[in-house]
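Single-structure report; data block below.
The values are calculated or read from the model by the stated rules, or taken from the named source; none is laboratory data. Quick caveat, the model's predicted, so the values are computed rather than measured. Cβ atoms come from the backbone with ideal geometry, glycine included; neighbour counts cover every protein chain shown. With ligands, DNA and RNA removed, areas are computed over all heavy atoms of the protein, side chains included. Shrake-Rupley method; radii C 1.70, N 1.55, O 1.52, S 1.80 Å.
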Amino acid sequence: MSKYQSVRGTRDLLPDLKGRFRYIEQTAFQCAQNYGFKEIETPIFEFSDVFHRSLGETSDAVSKETYTFTDRGGESITLRPEGTAGVVRAYISEGLAQHNPNKLYYYGPMFRYERPQKGRYRQFYQIGVEVLGMENALTDVECLDLAWTFLKKINLADKCTLEINTLGDQESREKYREALVKYLTPLKTQLSEDSQKRLEKNPLRILDSKDENDKKLVQSAPKMDEYLSEASKKFFADVLAGLDTLKIPYKINPKLVRGLDYYCHTVFEFVTTELGAQGAVLAGGRYDGLAETLGGTKTPGVGWASGVDRLAELTLIKNIEMPQAEKPIAFISLGDKAVLKSVQLASQLRQTGTSCEIFMTGNFKKKMEKANKLGVEKAILIFEQDDGSLEIKIKNFTTGEETVTTEEAVKCQATKL
Ligand code: ATP
Ligand code: MG
């Protein structure tokens, strides 16, 4: 046995699991395209500053979880822990503002140095969408509607609950922040070590703490909604009205703040109770200040990212059937010349888009058994006769019926076989 295994927190996506990933990815792409989104792909690493500036130094993703290294040219490089920062960096450096609004989707691996467990990996996959250049509350609704349609299409919508909250505009956040600090400061020594640090740098994050004692302490903390400006209240009301109109069920969760620094107004998470502690399967929100933080002009933005590893796991737990690929036509032959002919004919059919499987080894009976096991419906049987000529038959595996045919007929009637 080789001494090498995949690195802790990474895994091989073997064909069955990768099939689930592919199905989820493609369904998401199709949905995103139906909503007018276009695909973008950014590099999997960026200058470290792209993430440090955008996600905020106090976010877990940056403070504890990044894969950062100095490359041979002396540059500090970070493997992307999420997709939004790179997309917004591209928006700025590629001058995409002239095409606003930009409706973009992406897919790919993300990297976070986390404690690996089920549903939590160090290399994991996200599908994400971003709308840049739209300040409208109905854009948030459109993004949420896309998420809901996607979850419905992969049969997981009824396993997920949409939790939603608002962080308000900058002014509201500032007022709330002050109130929260006032409430938490006398309790500082009782807070977890992480939350004590957050109290100075980003107190809102304490609401999101996973620490049980922190959770108790914030129970009676002031609530965001008491500090919202009129404009922020209206924005949130418009988002909720949009969801009501579209009949998308949701639950307001006043404690939902999300882990990253850049969010404002709407924040949301689709969560499930079926995956233990790793319950968030899709999460996002509005980030109107992000482009400016990265040196661009002020650009409103909203989007979400969904963890494909967790969705795939859910489809497994829930026994959700994957669409079956079309069964191939089996080629089963007897005699060297016949085997060669099967390779030639299968190649021709494959080029016309017909899926074929050639059974090359074992005796005739074994080949038939293998084809049966694969569940094929039709087979081309080729027999080499004593005089060297070839006999070709089509076998219908459902009825057992065999019909003599010709090479030409096989080639021409690929689609009718
Ligand atoms: P969590 O609370 O589970 O740590 P998060 O808030 O850090 O999630 P986001 O940054 O919002 O996650 O990423 C969006 C989605 O990506 C999550 O909802 C989740 O489905 C998925 N995700 C995040 N981190 C991981 C990971 N380490 N392994 C697998 N999936 C992940
Ligand atoms: Mg996390």
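Observations, loosely collected:
- Test: residue in the stretch 121-133 that is surrounded by 19 or more Cβ atoms within 10 Å (Cβ to Cβ), among the acidic types (Asp, Glu) and either touching a residue at least 40 places away in the same chain (Cβ under 8 Å) or closer than 24 Å to Ser59 by Cβ (or both): yes
- Matching residues, the stretch 37-75, being among the charged types (D, E, K, R) and either touching a strand residue (DSSP E or B) at 6+ places or on another chain (Cβ under 9 Å) or within 20 Å of Arg120 (Cβ to Cβ) (or both): Lys38, Glu39, Glu41, Glu46, Asp49, Asp60, Lys64, Glu65, Asp71, Glu75
- Residues that are in a helix (DSSP H, G or I) and open to solvent by less than 90 Å² (accessible area, probe 1.4 Å), drawn from the stretch 175-191: Tyr176, Arg177, Ala179, Leu180, Val181, Tyr183, Leu184, Thr185, Leu187, Lys188
- The lone exception for Phe383 - which of (1) open to solvent by 40 Å² or more (accessible area, probe 1.4 Å); (2) part of a strand (DSSP E or B); (3) not acidic (Asp, Glu) it fails: (1)
- With respect to the conditions (1) more than 16 Å from ligand 2 (Cβ to nearest atom); (2) over 17 Å from the mean Cα position of the chain (by Cα), Glu41 lacks only one, and its number is (2).
- Some residue of the stretch 319-332 being over 30 Å from His52 (Cα atoms), away from ligand 2 (no atom under 16 Å from the Cβ), of a type in the set (Phe, Trp, Tyr) and in contact with a strand residue (DSSP E or B) (Cβ under 7 Å, 6 or more places away or on another chain): yes
- Being within 16 Å of ligand 2 (Cβ to nearest atom) and closer than 30 Å to Met322 by Cα holds for only one residue in Gly9, Gly56, and it is Gly9.
- Picking from residues in the stretch 306-323 that are aliphatic (A, V, I, L, M) and open to solvent by 30 Å² or more (accessible area, probe 1.4 Å), the one that is farthest from ligand 1 (Cβ to nearest atom) is Met322.
- Selection status of Gly86, open to solvent by less than 50 Å² (accessible area, probe 1.4 Å), within 19 Å of the chain's Cα centre (by Cα) and without any contact (Cβ under 8 Å) to a residue 60 or more places away in the chain: yes
- Summed over the stretch 54-83, residues that are in a strand (DSSP E or B) and open to solvent by 20 Å² or more (accessible area, probe 1.4 Å) total 5.
- Only listed residue being more than 17 Å from Glu82 (Cα to Cα) and touching a residue at least 60 places away in the same chain (Cβ under 8 Å), chosen from Lys255, Lys298, Lys327: Lys255
- Unique match (being within 16 Å of Asn136 (Cβ to Cβ) and either polar (S, T, N, Q) or at pLDDT 90 or above (or both)) among Lys251, Lys247, Lys234: Lys234
- Just one of the listed residues (Ala291, Ala277) is small (Gly, Ala, Ser) and within 16 Å of ligand 1 (Cβ to nearest atom), and it is Ala277.
- Among the candidates Val218, Val257, Val271, residue that is closer than 23 Å to Lys159 by Cβ and of a type in the set (Val, Ile, Thr): Val271
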